[in-house]
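These notes concern the structure reproduced below.
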Amino acid sequence: MRYHLVLEARPGDFMPVDINIISQDKTHRYDTIEEIDSYTKRFSLDEIMTMISDSNIVPFKYLDGKLHVINDNKYRYPVLLRTTDFSLDTFLTNHIEDKQIMNKFLNIYLKTSNSQKEKMKSAIAECSISKILHLLFELSYLDVRNIYTYLNANI
């Protein structure tokens, strides 16, 4: 599945942003979510919007829109920026003793992956950050990203 950085002027009205043009890197393809994230995490939202505006690659009406990453099915993902702290170990260190937050973590983990269900429950009950991280690293990048962005938005 391919992923695209886009501006959304209104619901369903997307304009793709060619990262190769704004980055002036014609050799790299930014078509996976990992590659898009690795690019966008170097900048703030204002910096990205300035680069898009300066490159003059989208019509004016999109410049006031929302920046997203979408896949070929038009599913929206939040853009990870320099200010996004994408660190699950920090999250776990800060919240491992909070039963309510760890229950939310377990619920989103189980929605994302049903593998290792009992091991994850056991790791959370033991408050073992290393075991939790080990189980998370067995998931795909997108699954871990979805877990973190959900937690970041809802906690």
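The residue list THR32, VAL79, ILE147 was ranked by how far each Cα lies along the charge dipole of the chain toward its positive end, using unit charges on Cβ atoms, and ILE147 comes out on top. Taking chymotrypsin sites (Phe, Trp or Tyr not before Pro) as exposed when DSSP calls them loop and at most 16 other C-beta atoms lie within 10 angstrom, the chain has its longest site-free stretch at 1-74.
Between the residues LEU133, ASN103, LEU92, the greatest Cα displacement towards the positive end of the dipole of region 88-154, with unit charges on the Cβ of Lys, Arg, Asp and Glu, is found for ASN103.
So what's the back-of-envelope 222 nm ellipticity for the chain, counting only DSSP H runs of four-plus at -39500 (n - 2.57) apiece and dividing by all residues, rounded to 500? Don't skip to the end; give the middle numbers.
Numbers: 8 runs with 78 residues, N = 155.
The helix-only estimate for the chain comes to -14500 deg cm²/dmol at 222 nm.
Within 10 Å of each candidate Cβ there may be at most 10 other Cβ atoms; applying that plus a DSSP loop requirement, which GluC sites (Glu not before Pro) in region 67-149 survive?
GLU97
With charges set only on the Cβ (+1 for Lys and Arg, -1 for Asp and Glu), what does the dipole of the chain come to about its Cα centre, in debye to the nearest 20?
Numbers: 19 positive and 21 negative charges, 89 e Å.
For the chain, the charge dipole is close to 420 debye.
For a test of the definition: using alpha carbon positions, the gyration tensor, and the 1.5 limit on a/c, classify region 3-77 as rounded, prolate or oblate. Verdict is oblate for region 3-77. With an a/c value under 1.5 for the gyration tensor axes a ≥ b ≥ c computed over the alpha-carbon atoms, region 88-154 is described as rounded. May I ask which of LYS66/LYS104; LYS66/LYS99; LYS41/LYS111; LYS26/LYS131; LYS26/LYS74 have a Cα-Cα span longer than 31 Å here? The pairs that break the limit, which is 31 Å between Cα atoms, are LYS66/LYS99; LYS26/LYS131.
How much length is gained if the chain between ASN107 and ARG10 is pulled fully straight, taking 0.36 nm per residue apart and subtracting their Cα-Cα distance, in nm to one decimal? Difference between extended and current length: 31.7 nm. The long axis of helix 99-112 is offset from the longest Cα principal axis of the chain by roughly 60 degrees. Estimated at 0.36 nm per residue, the fully extended path between LYS121 and ARG42 surpasses their Cα-Cα distance by 24.9 nm.
Under a model in which nothing but the beta-carbon of Lys, Arg (+1) and Asp, Glu (-1) is charged, region 88-154 shows a dipole of about 200 debye around its Cα centre.
Can you tell me the relative contact order of region 1-151? Whole percent, Cα pairs under 8 Å, sequence separation 6 or more. Each step should come with its number before you reach the end.
Numbers: 165 pairs, mean separation 34.0, N = 151.
Averaging sequence separation for qualifying contacts and normalising by length gives 23 percent for region 1-151.
We did not get these values from a lab; they are worked out from the coordinates using the rules stated. The shown structure was predicted, so the numbers you read here are calculated from the model rather than taken from an experiment. Ideal geometry is used to build each Cβ from the backbone, glycine not excepted, and the neighbour counts take in all protein chains shown.
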